[in-house]
Amino acid sequence: MRPTAGLVRHRPRSGARAALAALTTALLSAALLAVPLAVPSASPARAAEDVTTEDATVPSGSGEDAVELDTTVYVPASATGDDPAPAVVLAHGFGGSKQSVADDARDLAGRGYVVLTYSARGFGSSTGQIGLDDPRYEVADLSTMLDLLAQRDDVQLDAPGDPRVGVAGASYGGALSLLGAAYDDRVDAIAPQITWNSLTTALFPSQAGAVDGATPAVTPSTGDSGVFKRLWSGLFFGAGSVPTGDGLLASLTGGATTGGGAGVPDVDPSTLDSAAVEQALTCGRFRADICAAYQVAAASGTLTPDIAAVLDRSSPAGVLDRITAPTLLVQGTQDSLFGLGQADANARGIAANGTPVKVVWYDGGHDASASEGDTADLRDLVAGWFDFHLRGDGTDPGTGFTFPVPTGVGAAVGSVQGGSRTETATDYPGLAGDEVQRTDVPLSGTTFPVVTPPGGNPAAITTVPGLGAVTAALGGTTVEIPGQFAAFDSEPLTDAVDVVGASTVTLAVSSPTGTATLFAKLYDVSADGSQTLPSGLVAPLALTGLSTDPTAPTEVEVTLPGIVHRFETGHTMRVLVSSTDQAFAAPAESGVYAVGLADGAVLAAPDVDGTVTSTSGATRWWVLLGVLAALGVAGVVVAKLWGARRRRQLSVVEPDGEDVPLRFTGVTKSYKDGFTAVRDLSFEVRRGQVLGLLGPNGAGKTTSLRMLMGLIRPSEGTISVFGHPATAGAPVLSRLGSFVEGTGLQPHLSGRDNLELYWAATGRPLEDAHLDEAVEIAGLGTALDKRVRSYSQGMRQRVAIAQAMLGLPDLLVLDEPTNGLDPPQIHAMRQVLHDYAATGRTVIVSSHLLAEIEQTCSHVVVMAKGQKVAEGTVEEIIGTGGAVLLVVQGDPERAAEVLTGLGATVERADEGLVVELGDLSRAEAVAALVEAGVGVDQISPRRRLEDAFLSLVGES
Amino acid sequence: MSTVQSTGAVAGYRPERTLRLSVELRRQFKRRRTIGVFALMVALPLVLIAALQLGASEDAQANSRLNLVDVATASGLNFTLFVLFATTSFFLVVVYALFFGDTVASEAQWGSLRYALATPVPRMRLLRQKWLAALVTSVAALVTVTVVALVAGGIAFGFGDIRTPIGISIAQGDGLLRLAGIVGYLAVHLLVVGTLAFWLSTITDAPLAAVGGSVFTMFVFAILDQVEQLGSIRDYFPTAEEFAWTDLLQTPVDSGDLYRGVIQSLLYAAVFTALAFRHFARRDVTS
C-alpha cells in the first residue's frame, strides 16, 4: 500500500464526496507516503551504468478481463544481445503506480539488471479493475510480464521462454511477488517486503488459541471469526475506491473523453446506467466481488465465509508450499497493518519446502518510515540477494535473521536522533527444528470484570493507522477507559528483558454470552508508573465457546503482538486486556466479562541471541579516521621539514653583524596588484647611530620597518639584523624593540598591565625588562594604572615607546615617535634617544619631517616613492659647515672674487650666492667680505637636499 | 649591550617560552568579553531554573516540543541535560565561535599582533598557543554551564537519577559518567565551528567577521539540514550529528552516531586548523 502524491488528481467537484476524497488523500499521504520501498533506490554513487528506458502498453488477460498494462523497461548499457543480463520485476504498492518505483528501478538497472516496472491493473495508467492480487488477474499479469522479458534478447534465459528473473515489491507488490513465485515457477528469487501472509488474518485478526510453531513471532491465524481492523481496512479500501483521474468519468461515459473548458464533463444523465453509477461511486476501481465483501465487512464487522473466500484467494498462505524461489522476507516492527506474525507465517510456510529463507526485521513499516541508514541497508540487502541468487555474484547472504537491537529509552530520546544498530542471528529460530528461547516472567493479578459499553463507545485509543509509532513514542498517550480493562503485572524486573517476537500468556475468561471480543496488549510500565505501548500494537481476540460461569472460566492461550523492545531493569511488564479499541470493530451489545490469569500463568517472552553490528557504513568512518591520522602525520612532517629549513636559513650569519645592526640589501616589496611599495632599497646602519628614515608619506618607510620586523616578506633582497636574516619570528628579533604605526595597546588594560603582559609574552626573565626605566621614560606617573582607553594620544604614544624599550633592546625602531607629543615631550624624547644611542645601542627613527630628523638623528636615509634618494650624516644632508647662501649688499662679483681667493667655491643663484666654504668658517668668510668692503646682508646654511626633498613632498 | 646566543637571540629569550598558555589565558581573562561569557554561563542555568519554577503550571507541558523539557525538573541531572539540549545548537556555537574567532583578529584590530610577532613569538607558536587558549576557555565555559546546571539544578530539583521521558532511570553515578561523556562529545563536536572561526580569524582583522561568519555558516547548514531532499549529503554537513550525544542516554549506549560524529568533527577541525596555519604562515601582517 504505497500511494503516491499522484494518487488523486483533484477535479473541481463540489459536495461532501470531494471533501471526503480530499480528506482521505491527505490522511493517506500523511500516513502512508513515508513507507519506504526497500529496493535499491537512487543512490548516485552506485548508478554507475547508463540506463535507457522503454515505455510500452502491454495487453494482458482475455475476454472481459483483458487489460492494457502500462509498462517501463529499464535497460542498462551492459545488457546486450551478446551479453544478456538477469531481469527484475518491481511491483508497486497499493495506490501507487509504476512511477512509485521508478527511482528504485533506475538504481537496480544501474547495478546491471534489466528492470521491468508496470502499473498493476486498476492503478496508474493501466486499465481494468483491482482484484487484490487475485491469481486469475494480477498474478496472471505478472506471468505476462515474464513472457515479455523472455522475448527480449538482452535478458538472460534459463530455458526458452523462461527468463532469469527476480520479483520484489513492498506491501501489495510484496504479496504479488510471493503469489507470483507460487503460481509461476519461472521466478528465480523474490524479495517481498512488509506484506501479508493471510489477508483474512491481517484484516480480521484474532490472536487467541494455540500456536503451531516455534518461531519468534508465531501468531495464531484467524479461524472462523476475527475482529475487523476497521480503520486500516477503511484506508485500504479508500485508496482503491477513490476514482483516479478520469477513472470515474470514463467508467460512467464509456471511456469517452470529456469536453468543456472548465473541465466539467459533458454527461447526459439519461444515458447513464444507475447501477453502474452506484458501482463506480462506491467501489471505484475495485472489482465488484471485492467491493461487496468490503461493504459487508464494514457494515457488520464480522467475518463471513464469502469475505474469507475473497481474502484467502489473495493470500499467499495457501500456496506457500509451491514456492521454490529463494525468499528474502523483510518486515517492519512499526506496522499495525501487517505485523511481524505475517512474515513469520510466510517464513515457516516457505522454509517447510526446504527453500532458503532469510528474515529481516527493520525499524519501520506501514506506521513509520525507516531511517535513511536502514533504508540504504535494506536496498543493499535486496540487491545482494539478487546478486547472489540471480547472478551468483557476491557472498552468500545465507538464511540468517536480522533485527533491530532492542532499545528501551532509545525510542523516546531517540526521537531526537535514534540509534540504528542491528543484531544478526545465524538463522531464524524455529525453522530448522530449534525452538526460539523464551523467558518466563511470572504475572499476578486478580480476576477483573471488564465491561463492554453499549455501542462500543467510548473506546480505548492505542493505534492510529500509519501513526502507530508516534503514539508509542509520545509515551502514555494511549487512552485506556477505566472499567474496561484487566491488568496483570510482573514484579519490577531485576534484569532487563529483551522481547524479540510475540510473547504468549494464558488467560482465564468467562462471558455470560459465551463469546467475547477483547484486546490484549503488553505495556512497558516504568518505575514512576507511566506506561508505554511498544510500537502501539494490539492483539485482538475473538473468543467463542467460553464458559458462562465466572467461577470456572475457560483458559485461553493468547499471543501478544510481535515487538522488538527492551524492558528495562526496574520496569514492570503489564499485560492489559481491554474490551474496546477504537481501531477495531467491537460488538455493539454491552456486556461484562470476567478476565483473569490462568493458574500459574507466566508471560513467555521470546528472545533471540545475535551479534550486534554497529551502524551501517562504519568502515567509511574508519577510512576517515585513517585520513585524519595521515593528516596529523603529514602535519608533523611538514612542521619538522619547515623547522629544519628555517634553522638552515638562520645559521647563515654575516661576520660583521655586531657592527652593522641593520643592513638592507636590494630589498623590493611588490604586491600582487602590481604596486611596488619598496624598490631595490639598500642601506646600512652602524652601531651607535641614530638613523633617521626620512621621506614623505607613502615613501615606503613603514613597509621597510615592517619587513625588518618580519611582518612582511620582501619580494626580493635580504634584510639582516645583527648579521642574521630578519625573517618572520627569527630569534634575532628578540634584540629588537619596535613601535610601528599604532600603539598596539589593549584598551581595556592599564598602561602598567599592558607593559607587564607584553613582557610576560616574551617569556624572558622579569629582571631583564628594566621596567622601571621604561616607566620613567613613559613619564605617566599615576596615570599608568588607569585604563589605556582613557589616555590621550600622547600618553598612549609614550606607553608604546616605553613598551618598545622594555628589555633595553640593542636595536630600537620607532616609527613617527613624536606624533602627538607636545614640544617639551618632543624635546625630552630627543634626549632619551640620544642617551640611548650613547650606550652603544642603535636607534632607527622614521619621520616625514626634515626638522625632526635634523634634531634627533646622526644619520639619514631619505626615501621617496619606495626608493632611496640619498643617505649620509645629518651634516652632509643639512649642510652645516658646508654650503651657505650669501646675500650681499653691493657687487656680488666682488664678493665671489674675495671668497674664491680664500679657497671657497662660489655659484650664482637667483636668490644670491651659493658658497661652498670648504675649510673656511662662516665667521672668517664674513670678516673677509666686510674687510673687502662688501656688505653682508644675509648668510644662512644652504641645504642641498632640502629643495629636492621638498619637491618630492610636494609631488606626493 | 646584551649578551647574545648563537641563534642571534638575546640571552634569556627562548622561543618555547614565548606566549606561554598561562600568559595568554591571563590576557584573555583580563578581558570583559571573557568574564561576560562566563557570567552568562553561570546565569543561564539559574535563569532557566527560575523560568521552570515560575512556569511550572500544567499547560506548560502541552507546549513543549522536546521530550527532555517534560522531565527537565525531575532532577539536577535531568535539568543539566535539558540545559545542554537547549544550548547545543545556538548558545554553545556562539561561545565557541567567539573564543576561537576573536582570538587572532582582535589582536590584529588592536595592533598588538605585530608586536607579539616581533617579540618574536614564532608565528606557528603564536597560533598554537592562541588555539589552545581558545580551546581551554571554550571547554571551561562548557564545563561551567554544566557544573552550574548540575549544582543549581540539584539544589532546585534534587540530586536524583536521570529520568527519561518514558520513565527509565539511569542511576546517578552512571548518569554522571554519561554526562561527562556528553560534555566530552560536545567539546569535540563544537570544535568544528570553533576551528572555522579560527581560520576566519587569521584571514580577517575584524573579530566580528570571524565570529559572525562562522556562526552564520553553521546556521546555513542547520537550515539546509532541514531540507529532506538533500538526503544523505546532509550527513557530511559540519552540523551533522550535533545531537548525537543524546545517544549516550540510551541503554545500551548506541555508539555508532557518536563515533561518526567525533571522527567527522575532528576531520573538519583538522582541515580548518590546517587552513588557518597555512594562511597565517604566509600572510603579510599589515594590520
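The values are calculated or read from the model by the stated rules, or taken from the named source; none is laboratory data. Just so you know, these numbers come straight off a predicted model, no measurement behind them. Cβ atoms come from the backbone with ideal geometry, glycine included; neighbour counts cover every protein chain shown. The protein model used for the area step is the full one, side chains on, heavy atoms only, and it has no ligands, DNA or RNA in it. Shrake-Rupley method; radii C 1.70, N 1.55, O 1.52, S 1.80 Å.
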*Over segment A:662-876, what is the percentage of antiparallel beta bridges among all DSSP beta bridges, to the nearest 5?*
55 percent
*Dipole-positive endmost among A:F519, A:T144, A:T900 within the protein assembly as shown (Cβ charges, Cα centre)*: A:T900
*How many square angstrom of accessible surface are buried between A and B, both sides summed, with a 1.4 Å probe and rounding to 100?*
6600 Å²
_Count, lysine Cα pairs under 20 Å in the protein assembly as shown, 8 or more residues apart or across chains_ = 10
_Within 10 Å of each Cβ in A:523-535, how many Cβ atoms from other chains are there, averaged over the peptide?_
3
*Note down the accessible area of A:C283, probe 1.4 Å, to the nearest 10 Å².*
10 Å²
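Sequence gap at least 6, Cα distance under 8 Å: using those rules, report the relative contact order of segment A:34-193 to the nearest whole percent.
Numbers: 383 pairs, mean separation 40.0, N = 160.
For segment A:34-193, the relative contact order is 25 percent.
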_0 to 90° range, to nearest 10: angle between helix B:172-189 axis and chain B longest Cα axis_ = 40 degrees
*For segment A:811-853 and segment B:123-195, write down the distance between their C-alpha centroids in whole Å.*
54 Å
_Given a 1.4 Å probe and heavy atoms of the protein chains only, how would you sort B:F38, B:F90, largest accessible area at the top?_
B:F90, B:F38
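Using just the helices of the protein assembly as shown, give the 222 nm mean residue ellipticity in deg cm²/dmol: DSSP H runs with n ≥ 4 each add -39,500 (n - 2.57), and the total is spread over all residues, rounded to 500. Don't skip to the answer; put the middle values down first.
Values: 37 runs with 469 residues, N = 1243.
Result for the protein assembly as shown: -12000 deg cm²/dmol, rounded to the nearest 500.
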*Could you please state, rounded to a whole Å, how far the C-alpha centre of segment A:535-602 is from the C-alpha centre of segment A:775-802?*
87 Å
*Kindly list the residues of segment B:92-126 that lie in the label zone of B:L224, defined by a backbone N under 20 Å from the point 7 Å along the Cα-to-C-beta vector.*
B:93-94, B:97
*Any idea of A:T333's accessible area? Nearest 10 Å², probe 1.4 Å.*
10 Å²
*asked:* Just to be sure I understand: with springs between alpha-carbon atoms less than 10 Å apart, which residue in B:D161, B:D257, B:D174 has the highest mean-square fluctuation in the Gaussian network model of chain B?
replied: B:D174
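Determine the relative contact order of chain B: mean sequence separation of Cα pairs under 8 Å and six or more apart, normalised by residue count, in whole percent.
Values: 368 pairs, mean separation 68.3, N = 287.
Rounded, it is 24 percent for chain B.
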*Which of the peptides A:310-319, A:674-683, A:145-154, B:193-202 is most tightly packed, and how do the rest follow, going by the mean number of other Cβ atoms within 10 Å of each residue?*
B:193-202, A:310-319, A:145-154, A:674-683
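Evaluate peptide B:10-22: per residue, the Cβ atoms of other protein chains within 10 Å of its Cβ; return the mean as an integer.
Average per residue, whole number: 5.
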*What is the mean number of Cβ atoms from other protein chains located within 10 Å of the Cβ atom of each residue in peptide A:762-768, rounded to a whole number?*
6
*DSSP-defined antiparallel bridges as percent of all bridges, segment A:780-913, nearest 5*: 60 percent
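Taking the highest mean first, how do the peptides A:748-760, A:690-702 order by number of other beta carbon atoms within 10 angstrom per residue? Let's see the in-between values first.
Details: A:748-760: 20.5, A:690-702: 23.2.
Descending mean neighbour count gives A:690-702, A:748-760.
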*Any chance you could check the Cα centroid distance between segment A:720-769 and segment B:227-287 for me, in angstrom?*
37 Å
*Which value, in Å² and to the nearest 10, is the accessible area of A:D363 when all protein chains are kept and the probe is 1.4 Å?*
70 Å²
*Using mean Cβ contacts within 10 Å as the protection proxy, how do B:203-210, A:136-143 order, highest first?*
A:136-143, B:203-210
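For segment A:494-573, divide the Cα radius of gyration by the Kirkwood radius and give the resulting Rg/Rh value with two decimals. It would help to have the intermediate numbers written out before the result.
Working: Rg = 14.8 Å, Rh = 14.0 Å.
Across segment A:494-573, the Cα-based Rg/Rh ratio is 1.06.
At a threshold of 8 angstrom on Cα-Cα distance, excluding pairs fewer than six apart, so keeping six or more, what relative contact order does segment A:525-635 reach in percent?
Details: 32 pairs, mean separation 26.8, N = 111.
Taking the mean separation of contacting Cα pairs over the length of segment A:525-635, I get 24 percent.
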